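Presented below is the structure to which this report refers.
The values are calculated or read from the model by the stated rules, or taken from the named source; none is laboratory data. Everything numeric in this text was worked out from a predicted model, so none of it was measured. Using ideal geometry, Cβ is built from the backbone for each residue, glycine included, and neighbour counts are taken over all protein chains shown. Remember, those area values only see protein heavy atoms, side chains included, never the ligands or the DNA or RNA. Shrake-Rupley method; radii C 1.70, N 1.55, O 1.52, S 1.80 Å.
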Amino acid sequence: MTAPFLQIRGIRKDYGKVTAVQDVSLEIRRGEFLTFLGPSGSGKSTTLYILAGFQDPTAGDILLEGRSLLSTPSHLRQIGMVFQRYTLFPHLTVAENIGFPLKVRRKSRAEIDAKVKQMLELVRLEGFEDRRPSEMSGGQQQRVALARALSYDPPVLLMDEPLSALDKKLREEIQHEIRRIHQETEVTILYVTHDQEEALRMSDRIAVFSKGVIDQVGTGSELYAEPATRFVAEFIGDSDFLSCAVVASNGQSADIRLGDDWLVEGVPLHARGGGRNEGALLLRPERVQLHRNQPAATGALPVRVDDLTFLGSNVHVATTTGWGEPVAIRLPFGHDAIDGLSRGDTVWLGFDPRTAHVFC
Amino acid sequence: MLLHFERLGSWKWVLVGITALTTAFLLLPILFIAALSFGSSQWLIFPPPSWTLRWYREFFADPRWIEAAWTSFKIAALVTVFSVGIGLCASFALVRGRFKGREALKALFLTPMILPVVVLAVALYAFFLRLGLNGTVTGFVIAHLVVALPFSILAITNALEGFDKSIEDAAVLCGASPLEAKFRVTLPAIGHGLFSAAIFSFLTSWDEVVLAIFMASPTLQTLPVRIWTTLRQDLTPVIASASTLLVLFTILLMMLVALVRKGFKS
Ligand SMILES: Nc1ncnc2c1ncn2[C@@H]1O[C@H](COP(=O)(O)OP(=O)(O)OP(=O)(O)O)[C@@H](O)[C@H]1O
Ligand SMILES: [Mg+2]
């Protein structure tokens with residue numbers, strides 16, 4: 001069995017009394033696009049800086065193709081990085097910026113020129129050779145930064161929120177570019193963002209960070225369909241949580257009671273610690289069924305319709321349970337169940353227990 | 001803007017008047033000295049009866065003046081080199097360092113700016129007496145370095161604070177060692193600060209007179225000291241021409257600054 005390409009093993013970083021990250025472990029395949037997704041302060045940058053060698057971990061190790069990187073200083077790690085802030089060298093032209101890594105490696109003039117040309121083509125900035133960073137837009141600067149980071153063919157490219165300073169349209173455009181460049185160069189990318197849409201759009205896999213630990217690693221659809229924690233469920237996609245009582249459980253799944261008397265059996269359970277019998281039921285808006293009349297066979301929960309919003313192909317129904325918790329339902333436009341529905345009506349919610357999740 | 005110059009009406013002429021007066025107040029003494037240096041009168045009579053270049057000829061013919069000017073230049077150049085070098089190291093510590101008492105240390109470095117120069121001069125004189133440094137170039141350079149360094153540190157810390165450390169980090173990840181990254185990226189990027197530091201240091205030493213009088217010996221004098229001592233012996237118009245040359249050199253230097261600043265901007 002061959003060792004994974006890049007391994008992060010039990011990384012921990014303390015700043016005095018503050019623990020920035022703990023127990024972060026990941027295995028990254030060669031050529032993979034892996035995104036660190038999490039809210040501000042969750043330790044994404046810290047992990048990236050440890051990989052870059054700007055910070056030493058308090059504990060843990062990093063292995064590239066089986067060899068530890070920790071004793072290698074930053075400038076010898078051969079890792080490329082694009083930063084959140086604009087970091088082009090202000091006194092150098094675009095061509096000189098992109099050629100910089102080759103120049104410090106004492107490559108020949110001809111080799112540098114050829115590579116710079118190739119990189120400018122890659123990021124589609126031909127003709128910008130002699131511009132100064134101050135004469136370019138933020139998006140162009142970040143593309144040059146990307147070209148500079150890739151000019152020495154690093155095996156790993158780190159990107160710390162490289163697009164967060166750009167407006168939405170430009171951001172989406174460059175996300176596309178990065179995706180394309182990833183496919184063309186087959187470089188392994190570790191990407192940091194706190195924007196779930198960006199993460200879902202770009203990544204092969206996503207590592208969700210929360211308070212210094214990785215809650216879950218998986219593809220976007222795995223995280224959406226099988227969230228390991230309530231935090232992941234909340235962070236990825238739209239979600240509502242209903243409080244429920246856990247009546248019985250076998251560790252894997254649980255029987256829960258919703259409201260006064262609706263018993264739902266066999267809901268996948270994600271228990272953390274103590275055997276409390278209060279849980280939170282995760283409902284995704286597009287998975288919730290809406291019945292106009294109380295269904296006879298299966299159980300259902302009566303709710304009041306608060307609002308109806310038409311969003312083109314979808315209709316969004318906002319409802320409230322008898323005890324005051326909101327539940328959103330999304331139905332395709334023209335669905336029978338919403339024909340003639342109006343505010344204040346009482347409807348019944350249903351769902352497939354196997355696709356729901358209960359967290360406690 | 002609330003107070004727009006064009007909208008001030010007749011008030012604008014008051015402003016123009018005040019500006020003209022201030023300019024005249026600042027410039028007239030210099031113009032006066034320059035005029036005297038070309039005047040033919042031995043007694044510095046104003047307005048000069050006729051014009052001559054005689055005092056400049058005398059200045060350039062007298063090896064003592066030339067030597068004083070050369071000494072001034074030499075000392076100022078040495079002060080510039082040390083002031084920028086030490087100022088750069090100190091600024092890195094002050095801006096990048098994370099240690100207790102950093103703010104206090106910065107304040108301490110800047111005290112020579114507010115300390116009366118004469119106090120400093122007396123203290124250095126007494127101190128150098130023990131070391132035998134009075135009347136030596138080393139003594140001069142150290143004394144001027146004390147007053148030049150604060151300007152240097154101020155200019156360089158400002159530039160360094162405005163420089164994003166991530167840019168240097170990027171250079172390191174590009175494969176430059178931390179030292180190489182500083183030389184190839186950080187120093188060129190804060191070049192304007194280094195340049196200001198150099199000019200301020202040079203000028204501080206170039207026209208400094210109080211410390212110089214204490215440090216000077218009959219055989220080692222700077223231009224300002226020579227002007228001062230000559231002034232006390234006899235009132236020759238050569239002093240006027242020496243002063244004019246001193247001012248001229250300073251003006252040339254400031255013009256160079258303006259030109260280079262423009263270069264940094266573009
Ligand atoms: N140099 C430092 N000294 C002390 N604490 C730090 C330092 N750097 C980071 N931290 C702390 O470590 C935690 C993780 O920070 P980190 O920068 O990794 O978060 P992040 O996930 O990148 O957040 P953001 O999205 O805001 O960039 C935070 O609580 C932060 O306050
Ligand atoms: Mg960050």
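Per-residue ellipticity at 222 nm from helix content only, as computed over chain A with -39500 (n - 2.57) for each DSSP H run of at least four residues, stands at -7000 deg cm²/dmol. Distance between the modelled labels on B:PHE99 and B:ARG261, one decimal in nanometres: 3.5 nm (7 Å Cα→Cβ projection).
Working note: Karplus 6.51/-1.76/1.60 with θ = phi - 60° gives the stretch A:313-321 the couplings 6, 10, 10, 9, 10, 9, 10, 10, 6 Hz, where Gly and Pro are set to x. Put simply, the amide H of A:GLY266, placed in the peptide plane, has neighbours under 5 Å in A:ALA254, A:ASP255, A:ILE256, leaving out anything fewer than 5 places away on its chain.
3J(HN,Hα) along the stretch A:229-235: 9, 4, 4, 4, 4, 6, 6 Hz, from the Karplus curve 6.51 cos²θ - 1.76 cosθ + 1.60 with θ = phi - 60°, whole Hz, x for Gly and Pro. Exceedance of the 22 Å cut-off in Cα-Cα distance is limited, within the set A:LYS17/B:LYS100; A:LYS107/B:LYS182; A:LYS115/B:LYS262, to A:LYS115/B:LYS262. Rounded to the nearest angstrom and listed largest first, the equivalent-ellipsoid semi-axes of chain A from its Cα gyration tensor are 48, 25, 15. For the protein assembly as shown, the carbon plus sulfur part of the accessible surface works out to 60%, probe radius 1.4 Å.
At a probe radius of 1.4 angstrom, the accessible area of the stretch B:45-159 per residue rounds to 55 square angstrom. Rolling a 1.4 Å probe across the protein heavy atoms gives the stretch A:184-259 an accessible surface of 41 Å² per residue. Rolling a 1.4 Å probe across the protein heavy atoms gives the stretch A:1-118 an accessible surface of 48 Å² per residue. Interface burial in the stretch A:78-117 reaches 20 Å² or more for A:ILE79, A:PHE83, A:ARG85, A:THR87, A:PHE89, A:PRO90, A:HIS91, A:PHE100, A:LYS103, A:VAL104, A:ARG106, comparing the full protein assembly with the chain by itself; accessible area from heavy atoms with a 1.4 Å probe. What the phi angles of the stretch B:99-115 give under the Karplus curve with 6.51, -1.76 and 1.60, with θ = phi - 60°, is a coupling list of 9, 5, x, 5, 4, 4, 5, 4, 4, 4, 4, 8, 4, x, 5, 9, 5 Hz, glycine and proline written as x.
Residues whose amide H comes within less than 5 Å of that of A:GLN289, counting only those at least five positions distant or on another chain, are A:GLY350, A:PHE351 (H built at 1.01 Å from N in the peptide plane). Contact with the other protein chains removes 20 Å² or more of accessible area, compared with the isolated chain and a 1.4 Å probe, from these residues of the stretch A:58-76: A:SER74, A:HIS75. Using a 1.4 Å probe over protein heavy atoms, the accessible area lost on pairing A with B, summed over both chains, comes to approximately 1800 Å². Positive contributions from Lys and Arg (+1) and negative ones from Asp and Glu (-1), summed over other residues with Cβ under 9 Å from the Cβ of A:ASP240, come out at -1.
Simple spin-label model, 7 Å along Cα-to-Cβ: A:ARG179 to B:SER177 in nm? With each label placed 7 Å out from Cα toward Cβ, I get 4.4 nm.
For A:ARG171, neighbours were defined as the other residues whose beta-carbon sits under 9 Å from its Cβ, and their charges (Lys and Arg +1, Asp and Glu -1) total -3.
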